[in-house]
1. Just read off the accessible area of Lys57 with the full protein assembly in place, 1.4 Å probe, to the nearest 10 Å².
2. Using only Cα atoms, tell me the angle between helix 216-229 and the longest principal axis of the chain; keep it within 0 to 90° and round to the nearest 10.
3. Considering the Cα trace of the range 1-133, what is its radius of gyration and what is Dmax, both in angstroms?
4. In the range 108-151, carbon and sulfur make up what percent of the accessible area (probe 1.4 Å)?
5. Work out Dmax and Rg for the chain from the C-alpha atoms and quote the Rg first, both in angstrom.
6. Are there cysteines in the chain with no second cysteine's Cβ under 4.7 Å away, and if so, which?
7. By its C-alpha gyration tensor, with a ≥ b ≥ c as the square roots of the eigenvalues, how is the range 249-381 shaped: rounded for a/c under 1.5, else prolate for a/b larger than b/c, else oblate?
8. Could you give log10 I(q)/I(0) at q = 0.14, 0.15, 0.27 Å⁻¹ for the range 401-474, computed by the Debye formula over C-alpha point scatterers of equal weight, without solvent?
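The values are calculated or read from the model by the stated rules, or taken from the named source; none is laboratory data. What you see is a predicted model; the values in this text were computed from it and never measured. All Cβ positions, glycine included, derive from the backbone under ideal geometry; neighbour counts span all protein chains shown. Protein only, heavy atoms only, side chains kept; ligands, DNA and RNA dropped before computing areas. Shrake-Rupley method; radii C 1.70, N 1.55, O 1.52, S 1.80 Å.
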Amino acid sequence: MVMGSLRQETKVVVIGAGPGGYVAAIHAADLGQEVLLVEERERLGGVCLLEGCIPSKTLIHAVELAESARNAEKMGLSFGELRVDPVALRAWTDGVVDGLSRGVATLLKKRGVEVIRGRARFESDHVLRLEGSEVSAIEFRQAIIATGSRINEIPAAYHLPVWSSAEALRLPEIPERLLVVGGGYIGLEMGLVYAGLGSHVTVVEFFPRLLLGADPDLVSVMVKSCEKRFAAILVDSKVVGLEQSGGGFVARVEHRGETRSIEADRVLVAVGRRPNTDGLGLEKLGVVPAKDGTIEVTPEGRTRVPHIFAIGDITAGPMLAHKASREGHVVAEVIAGQPSAFDNRAIPAVVFTDPELAWTGLTEQEAERQGRTVNVGRFPLTALGRARSLGRTDGMVKVISEVESGLVLGVGIVGPSASELIAEGTLAVEMGATLEDLMVTIHPHPTLSEAVMEAAEVAAGMPVHVLPRQRAKV
């Protein structure tokens with residue numbers, strides 16, 4: 001209800017229109033709540049849709065098509081010289097993003113959610129002050145903070161015209177030499193995009209190996225592919241200096257005790273993200289973020305102020321769109337008076353490299369650190385009919401299970417369509433499935449999904465399409 005030209009009131013206000021914020025707003029409206037959504041940007045969808053998941057995966061798909069065309073000759077198919085039109089590719093990506101963003105706007109409008117443009121800051125625990133908006137303030141009964149995260153910087157690159165991942169996604173140019181600082185999923189995905197478009201890519205990673213949180217068995221398969229496409233991968237390395245030189249850059253990289261210089265036409269900094277919790281006026285609420293910028297919440301999503309909720313990248317856990325969306329559902333239900341909590345056993349993670357890498361539940365290393373005795377089943381795609389027919393045998397499926405009960409604790413996949421296949425593993429962990437459940441579930445043949453069943457058979461010690469592990473002689 002409008003209380004004047006510059007002040008509004010609502011039952012629920014959502015700050016941020018990313019995958020957590022707009023989902024929370026829609027679900028809350030569907031559950032009968034009056035909802036206002038505040039967003040700084042002109043377009044809706046947040047980082048994921050506008051400058052993250054969607055544009056990056058659109059470009060990755062285009063590069064994969066190009067790679068498929070290049071590799072088709074071994075199947076008896078040959079094409080003329082492949083040409084890349086950056087302008088057309090940029091337009092295609094922009095079209096995908098714009099269409100989805102307009103779709104979010106339509107969904108909110110149809111649900112009766114009013115969207116107000118502006119930057120929100122808490123004035124008190126029931127009032128938001130807005131900047132850059134015709135509405136000066138919003139009085140609310142309950143609030144959902146879904147402000148997402150921003151890109152980290154490195155000291156060596158301060159005040160220099162380096163690319164962030166958001167800028168790289170706009171395809172400003174295809175440089176001959178690209179230096180990627182950061183060997184996490186963003187750096188690897190964007191590095192492979194530019195390598196596929198013709199750039200000579202060098203990746204510098206601070207830690208001893210790429211994707212430190214992922215299973216080494218899976219990562220090693222992906223790294224072999226990256227080594228063929230990248231000019232160089234330097235792990236256990238750090239950029240200690242960066243300066244412009246001519247039309248490009250010279251980076252000083254410390255690598256295992258020695259410092260070397262690397263020349264590049266462009267530099268992409270991809271060293272993670274930080275929660276957007278500063279500048280929100282949280283001190284007015286008595287809410288103090290942790291050192292990493294996250295806000296502590298209960299399983300219901302409540303902050304220390306019970307009627308104010310926080311979801312997505314500003315809370316603990318992986319910064320993933322699907323985690324934020326799930327949390328958005330939870331807090332909307334809690335606000336509507338329904339029993340709900342974020343009590344999920346597994347949050348799947350996916351890296352859209354080539355081959356794709358995905359995992360859910362516990363990795364083998366995490367199970368070991370917890371002192372759990374597990375069976376591990378590895379099934380190589382070289383033994384899978386569908387993988388051979390696709391010419392994509394570079395990968396495996398790995399199932400981790402509890403020895404006594406056969407309970408599935410985790411699933412890891414590296415290979416084609418890993419991002420799609422991991423959903424079965426996540427369901428298995430979430431529902432408390434056992435190896436037998438995976439084994440007796442009929443999987444269609446010939447498909448990649450059979451590899452999940454086959455890996456379960458290996459873990460149970462009863463494989464068909466690979467040799468069983470040798471048992472100790474009595």
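1. 50 Å²
2. The two axes meet at around 80 degrees.
3. Rg, Dmax (Cα atoms, Å): 20.9, 71.
4. 42 percent
5. Cα only, the chain: 24.2, 86 Å (Rg, Dmax).
6. Here Cys226 come out as lacking a disulfide-compatible partner, given the Cβ-Cβ threshold of under 4.7 Å.
7. oblate
8. -0.44, -0.51, -1.40
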